[in-house]
Structures are given as C-alpha cells and as structure tokens.
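Since the structure comes first, as structure tokens, the remarks are kept for the end.
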Amino acid sequence: MKQSRLPIWTLANALGLGVSFVAILQMTMLVEYGLDFEKYWEFIPPDQSVRAYAARLVSSLLGGAIFGAAQVLFLRSRSVRVGSWILATTVGFALILAVEWPLMAVGIWGRIPGPIEPISITVGGGSFAGIMQYLALRKQGIVASRWLALWIGGLVASLVPAALVFISLEEAGLSISWPVETFLSGFIVAGVAALISGRALLASISPLQSR
C-alpha cells in the first residue's frame, strides 16, 4: 500500500467518524425515545434508567462498527483482516462507556459545561478504538506502535482546528443544525488524526502488503 494513498485514508476516516458520530446520537435517541420524534435532536440529559444505559451501549457498538467498516474499506488487503479490524474498532468504541456510565450514574453526564461529551465520544472513543486496532494488528504480526502514538496525539491535536472551525462559524453568524454540527465534529477530529498518523500506519502495513 503506497503512502500516496494518504488523502484517501484521511477522507475514509473523516467520513467514517462523521457518519459514526451522527449514528451514535441517532441510535441513542431511537432506543431512549422510540417513535417520539419530537424529542429527537433536542438536548435532554440522560437519566439513570436501564433504557438510557442500553441506549449508550447499542449506539457505541453501532458507531464503532460504522467507523471500523469505513476504515477497513480502505485497508482491505491480505495483511489486514476485515473481521478483526471491525470487531476491534467496535469493542474499542464501547470501552468509552467505562467513563460515561459512572458519570451517568451520578447524574453528571450531559450536564457538564462545554463540549465534554462530544470530545469523550470522538477523542476518547477514537483512542480506545485505536488501542484495540493496534492489538489486533499485533496479533497479525504488524507492529504499529508509532502509528498508535501519532493517532492518539492527532486526536488530541484535532481539538484545536475543530474549535477554530466552530468559532469561525459562530463569528460569521452561520447557524448549522445539530446533526451537521455533529458530523463536522467527527469529520474534523478523525480527518486530522488520520492525516497526522496515516503515513506511519501505511508504512507498517506496506511490507506485508507487498509479499
């Protein structure tokens, strides 16, 4: 796999997490509110019901599966196992619940000032997914420790351009819907992280790909 494919890898990640983030919130609303569409895309902090916890579990698994599938469509090769990659991403995204569920239990989740929730889902979920992907690659004999470090660092660094974009939109007086804002959050975060770390991943995979 050539490093010249970095732009495609970056786009696959950006679109994947953008769609994934929207799907996460949409599935959460579907499980929590059912067909009560008036509550969809309104800011309603979750309660401590079993349904609320189930909503976060199902939505996290769905989001991870979508993101992993978007990535593996690009990585499709005999050196990367499709099933293992998607499973690792799905499980990794769900691990963010170890942080979210306790905050839900004490009634804090959804009530923290600032964009803590979207950051935890995109940056936190993306980091856990990256760790699980790294372990999956390691089982296949692919060492991608440099990529993992750059990927997590890229996720954190992406918060700066993401903030600048939304600040610019606000200063320009442009109003965007919550679904669009959600998509842009995931798109920018994953796009920046993939751009920063992509070459390291492609370099790790390329030797096996050429065999």
Accessible area per residue, Å², the chain with all protein chains present, probe 1.4 Å: 48
Taking R0 as 30 Å, what FRET efficiency do you get between Ile8 and Ser177 from their Cβ-Cβ distance, rounded to the nearest 0.05? 0.60
Rounded, prolate or oblate: which fits the range 52-99, taking a ≥ b ≥ c as square roots of the Cα gyration tensor eigenvalues, rounded meaning a/c under 1.5, else prolate when a/b beats b/c? prolate
For the range 41-148, what % of the accessible area comes from carbon and sulfur atoms, probe 1.4 Å? 69
Classify the range 80-211 as rounded, prolate or oblate, taking a ≥ b ≥ c as the square roots of the eigenvalues of its Cα gyration tensor: rounded when a/c is under 1.5, otherwise prolate if a/b is larger than b/c and oblate if not. oblate
Contour minus Cα-Cα span, Arg138 to Gln48, at 0.36 nm per residue, comes to 28.6 nm
Each label point is 7 Å from the Cα along the Cα-to-Cβ direction; what then is the distance between the points at Leu35 and Ser168, in nm? 4.4
Using the Karplus curve 6.51 cos²θ - 1.76 cosθ + 1.60 with θ = phi - 60°, work out ³J(HN,Hα) for each residue of the range 13-18 in order, rounded to whole Hz, and write x for Gly and Pro. 5, 4, 5, x, 6, x
Taking 0.36 nm per residue of separation and subtracting the Cα-Cα distance, what length does fully extending Leu73 through Ile131 add? 18.9 nm
Relative contact order, percent, of the chain when contacts are C-alpha pairs under 8 Å separated by at least 6 residues? 33
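The values are calculated or read from the model by the stated rules, or taken from the named source; none is laboratory data. Since we're looking at a predicted model, the values are computed, not measured. Here the Cβ is made from the backbone with ideal geometry for all residues, glycine too, and neighbour counts use every protein chain on show. What goes into the accessible areas is simple: the full protein's heavy atoms, side chains included, and nothing from ligands, DNA or RNA. Shrake-Rupley method; radii C 1.70, N 1.55, O 1.52, S 1.80 Å.
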